[in-house]
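Notes follow once the structure below has been shown.
The values are calculated or read from the model by the stated rules, or taken from the named source; none is laboratory data. Source: prediction; values computed, not measured. Cβ: placed from backbone, ideal geometry, glycine included. Neighbour counts: every protein chain shown.
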Amino acid sequence: MRLSPGIRDVEPYPFEELDRRKREALDAGRDLIDFGVGDPRDETPAFIRDALIDAILPASSYPRAAGLPELRAAIVAWVHRRFGATLDPATDVIPTLGSKEPIFGLAQAALDPDEGRDLVVVTAPGYTIPERGARFFGGDVVRLPLVAPDFLPDLGGIDAGTWDRTAILWLNYPNNPTGAIAPLGFLAHAARLARNHDFLLALDEAYTELWFDAEPPASGLQLGDLENVVVLNTLSKRSNMTGYRSGFMAGDPRLIAAAKALRPSAGVTPQEFVQRASVAAWNDEAHVAEQRERYAAKRALFMEVFRSADVEIAGSVAGMYLWVAVPGGRPSAKWGLELLERGIVVAPGSYFGPEGEGYVRMAMVPTLDDCRRAVGILAQVLSEPAVSA
């Protein structure tokens, strides 16, 4: 049978190769400590699990396209508490199945080649899903490099003609994989560009609730004017709920209305019992503060062992990742394999685009005890003479 170009041209997801190598190592009997994928191992808080259980009814029904009013109200209340921003739960927000699916699908809503809007602008190294979604739906992609120390793209380096072809500009702060943050003034500048050139500024903010030494990260929700702006957030990292698939999209009411109109034809919101568990999660901050403390304790361990060995940690001021410079000039994939042989799984920087070469990403998701074990292994590895490429 014939397949669409979008399906035919899908490239393998880089983490599938990492999964293959992990399986080989496990089959060979190795004990692995896995820092490769940002999937938290800490428990989902008990009160969230209890809320989900309590919401399972004897009979089920399709969830509403717009999501439960209680969930939209809980999201809007959290946004106000956290960012001081006021949203209308009826027009400005819609619950989503996490953030990955809407990030992939947003290009379908914004690309309009017939009107000359055929570009999606992404940052690199970066989460690959915005680019994959753009190409799947027939768009072209412009990659803006993120360079140390601030890992902010040079928006001034893009000419007006390119902006006028742009359908979406994707920004992700706190950033995956670099752990960098963006000042509110930078986000405001990007929003002005979006309004001036009539494209969509899409802000992936999955890691806003994880920070360390600095002030809490800024959010596009603090901009006040959300015309031509959409913000995506999720409970996956904030509340250790990756498997629940629960997040939200908030911003320009025109886009939210379009999403509500499309959803009955294309899918549904999360299951109602997940939505009710999500209400409990958005309404509580104590468990988030405890999670930040756990990540801070893990981060302190790794910062000490890498700095003692004069290994550079770039960015890494927020989020759940460490962006670690590869010692000895080796390719990132090569060092990743060397660490895998010693029982530590990391993600080579090249998995996030060629701009990520020279680094590995460590997702600080294993338990604190496993992180302590990993630090002991790393201290031994880093004390050995580096083998150059």
Worksheet item: Could you list, in sequence order, the residues of the stretch 187-222 that are under 27 Å from Gln275 (Cβ atoms) and part of a helix (DSSP H, G or I)?
Response: Gly220, Leu221, Gln222
Fill in: Any hit, the stretch 233-254, residues being among the β-branched types (Val, Ile, Thr), in contact with a strand residue (DSSP E or B) (Cβ under 6 Å, 6 or more places away or on another chain) and under 24 Å from Val37 (Cβ atoms)
yes
Discussion item. Take Phe151 and tell me if it is part of a helix (DSSP H, G or I), of a type in the set (A, V, I, L, M, F, W, C) and outside the structural domain of Ala347 (by TED's automatic domain parsing).
Written reply: no
Worksheet item: In the stretch 307-360, which residues are assigned to a helix (DSSP H, G or I), of a type outside the set (Ser, Thr, Tyr), within 22 Å of the chain's Cα centre (by Cα) and surrounded by 21 or more Cβ atoms within 10 Å (Cβ to Cβ)?
Response: Gly336, Gly349, Phe352, Gly356
Discussion item. Being in the same structural domain as Pro270 (by TED's automatic domain parsing) and farther than 25 Å from Lys237 by Cα is true for just one of Gly126, Gly157. Which residue is that?
Written reply: Gly157
Response to the item:
If you go through Ser308, Ser265, the only one that is farther than 21 Å from Thr208 by Cα and outside the structural domain of Ala110 (by TED's automatic domain parsing) is Ser308
Fill in: Residue count, the stretch 111-155 (criterion: out of contact with any helix residue (DSSP H, G or I) (no Cβ under 9 Å at 6 or more places or on another chain) and closer than 21 Å to Ser4 by Cβ)
4
Discussion item. Cβ contacts < 6 Å: first residue under 19 Å from Gln271 (Cβ atoms), restricted to the stretch 37-60; second residue not basic (Lys, Arg) and not in a helix (DSSP H, G or I), any location; separation 6+ or different chain. Result?
Written reply: Thr44/Asn240; Thr44/Met241
Practice prompt. Spot the failing condition for Ile75; the list is (1) of a type in the set (A, V, I, L, M, F, W, C); (2) under 30 Å from Val345 (Cβ atoms); (3) in contact (Cβ under 8 Å) with a residue 12 or more places away in the chain, and only one is missed.
Written response: (2)
Worksheet item: Is one or more of the residues making up the stretch 156-170 under 21 Å from the mean Cα position of the chain (by Cα), modelled with pLDDT of 95 or more and among the aromatic types (Phe, Trp, Tyr)?
Response: yes
Discussion item. Any residue at all in the stretch 95-110 that's at pLDDT 95 or above, of a type in the set (Asp, Glu) and on the phi < 0 side of the Ramachandran plot?
Written reply: no
Worksheet item: If we scan the stretch 273-285, do we find a residue that is among the hydroxyl-bearing types (Ser, Thr, Tyr) and not assigned by TED's automatic domain parsing to the domain that holds Thr208?
Response: no
Worksheet item: Within the stretch 154-186, which residues are of a type outside the set (A, V, I, L, M, F, W, C), out of contact with any His (no Cβ under 7 Å at 6 or more places or on another chain) and outside any helix (DSSP H, G or I)?
Response: Asp154, Asp159, Asn172, Tyr173, Pro174, Asn175, Asn176, Pro177, Thr178, Gly179, Pro183
Worksheet item: With respect to Ile56, is the statement that it is in a loop (DSSP other than H, G, I, E, B), among the aliphatic types (A, V, I, L, M) and either at pLDDT 90 or above or closer than 28 Å to Gln291 by Cβ (or both) true?
Response: yes
Worksheet item: Can you name the residue in the stretch 272-299 that is within 14 Å of Ile94 (Cα to Cα) and among the polar types (S, T, N, Q) and, of all such residues, is surrounded by the fewest Cβ atoms within 10 Å (Cβ to Cβ)?
Response: Gln275
Practice prompt. Among the candidates Thr86, Thr44, Thr91, single out the residue that is surrounded by 19 or more Cβ atoms within 10 Å (Cβ to Cβ) and among the hydroxyl-bearing types (Ser, Thr, Tyr).
Written response: Thr44
Practice prompt. Give me the pairs, please: first residue somewhere in the stretch 342-367 and in the same structural domain as Arg292 (by TED's automatic domain parsing), second residue anywhere and part of a loop (DSSP other than H, G, I, E, B) and among the aromatic types (Phe, Trp, Tyr), beta-carbon distance under 6 Å, and either six or more positions apart or on two chains.
Written response: Val345/Phe35; Val346/Phe35; Met362/Phe35; Ala363/Phe35
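Let's see how each residue does on (1) under 24 Å from Arg135 (Cβ atoms); (2) aliphatic (A, V, I, L, M):
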{"site": "Leu3", "(1), (2)": "yes, yes"}
{"site": "Val10", "(1), (2)": "yes, yes"}
{"site": "Tyr13", "(1), (2)": "yes, no"}
{"site": "Arg23", "(1), (2)": "no, no"}
Worksheet entry | For Arg21: the one exception among (1) over 18 Å from Gly343 (Cβ atoms); (2) at pLDDT below 90 | (1)
Worksheet item: Out of all the residues in the stretch 287-306, is one or more in a loop (DSSP other than H, G, I, E, B) and either out of contact with any Phe, Trp or Tyr (no Cβ under 7 Å at 6 or more places or on another chain) or closer than 18 Å to Asn175 by Cα (or both)?
Response: no
